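Participant: Take this structure first; my questions come after.
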Amino acid sequence: MTSVIFPAAGVGKRMHAGQNKVFMEVAGLPVLVRSLMAFATCPGIGQLIVAIGSADIDRARSLLNSITGLGKCIVVEGGSERQYSIRNAMKVLSDDADIVLVHDAARPLVSRKTIEAVKSGAIKYGACIAAVPEKNTIKVVDDGLVVATPDRSRLWAVQTPQGFRRDILEEAYKKAEEDGFLGTDDASLVERLGIGVHAIMSDYSNIKLTTPEDIPIAESILARRQEEKS
Ligand code: CTP
Ligand code: MG
């Protein structure tokens, strides 16, 4: 069975929304609801766990209870860092969860195709992440001075979901904790075990809502999807 963990315990500082950005509405539905619904409607997914700040637990609980199909989601308290939020959520994984997907609650536009591909990759390889080839030229800058230009053809921009065999993810989190390592994604913890992480092609519309200009972009992606359907 596959369980999905949604880190949602950030404060959304860069969004300047005056609240946790996962409660903001995008085209009439809260971001958190859109992110959870994308997974709730996928076959083989048995457990949805949301990690959110203690002040938002009641609000999240009543929001999810009001949406058909999301009442069974588990809400736990997050931590001061994304990694700690996920660690807390891992404590309530069901005994029969053998695959764990982690997905940023702030990525409400994830497609069914990407979810299925990451899940299959996690089953096949043990560790698999959604990514897209980087479009920008990236430079390493130290104190305002460019020190390197990595070859763009090898650079991929990493997204979520990231999927893992449960034993691998638990081992990676244990080692990170022991070593005091704080990563910016889950795969980086698994890479430290020397285990191969596979990247699968996602799509450029799976954006993370981070700054205010991401909101109209998300709404236009949703409007285009709606047009394509009709
Ligand atoms: N997150 C979390 N626990 C934290 C920090 C972040 O669960 N202590 C979650 C966020 O809620 C979000 C995801 O991790 O769904 C990606 O983080 P980010 O986009 O940085 O969100 P925020 O931390 O909320 O935003 P900001 O950094 O601008 O404050
Ligand atoms: Mg953050």
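Where a number appears in this text, it was derived from the coordinates with a stated rule and is not lab data. Only a predicted model underlies this, so the values are computations on that prediction, with no experimental measurement involved. Every residue, glycine as well, gets a Cβ built from its backbone with ideal geometry; the counts of neighbours run over all protein chains shown.
Participant: Quick one: in the chain, what % of C-alpha pairs are over 33 Å apart?
Facilitator: Details: 3833 of 26335 pairs.
I get 15 percent for the Cα pairs in the chain exceeding 33 Å.
Participant: If each DSSP helix of 4+ residues adds -39,500 (n - 2.57) and the sum is divided by the residues in the chain, what number results at 222 nm, nearest 500 deg cm²/dmol?
Facilitator: Helix-only estimate at 222 nm: -10000 deg cm²/dmol.
Participant: Continuing with this model, one more query. Pick from 23, 39, 181: which is most flexible by mean-square fluctuation in a GNM of the chain where alpha carbon atoms under 10 Å apart are linked?
Facilitator: Largest GNM mean-square fluctuation: 181.
Participant: Now a separate question. So what's the net charge close to residue 3: Lys and Arg +1, Asp and Glu -1, counting the other residues with Cβ under 14 Å from its Cβ?
Facilitator: On the way: positive: 72, 91, 119, 165, 166; negative: 95, 96, 98, 167, 170, 186.
The answer is -1.
Participant: Calculate how many DSSP beta bridges within the chain are antiparallel, expressed in % of all such bridges and rounded to the nearest 5.
Facilitator: Of those bridges, close to 45 percent are antiparallel.
Participant: Still on this structure, please answer the following. At most 16 other Cβ atoms within 10 Å plus a DSSP loop assignment makes a site exposed; report the longest stretch of the chain without any exposed GluC sites (Glu not before Pro).
Facilitator: That would be 1-80.
Participant: Continuing with this model, one more query. Under a Cβ-only charge scheme (Lys and Arg +1, Asp and Glu -1), can you give me the dipole magnitude of region 91-230 about the Cα centre, in debye to the nearest 20? Don't skip to the end; give the middle numbers.
Facilitator: Numbers: 19 positive and 24 negative charges, 107 e Å.
Taking the Cα centre of region 91-230 as origin, the dipole is about 520 debye.
Participant: Further question: From the alpha carbon gyration tensor of region 56-182, can you work out the equivalent ellipsoid semi-axes (sqrt of 5 times each eigenvalue) and give them in Å, largest to smallest?
Facilitator: Whole-Å semi-axes of the equivalent ellipsoid: 30, 19, 18.
Participant: Counting pairwise Cα distances across region 133-228, what percent come out greater than 15 angstrom?
Facilitator: Working: 3351 of 4560 pairs.
Value for region 133-228 (Cα pairs over 15 Å): 73 percent.
Participant: Taking a point 7 angstrom from the Cα of residue 92 along the C-beta vector, which residues in region 4-21 have backbone N less than 17 Å away?
Facilitator: Answer for region 4-21: 4-10.
Participant: Say we join alpha carbon atoms closer than 10 Å with springs in a Gaussian network model of the chain; which of 153, 80, 62 then has the biggest fluctuation?
Facilitator: 153
Participant: How many percent of DSSP beta bridges within region 106-204 run antiparallel, rounded to 5?
Facilitator: 70 percent
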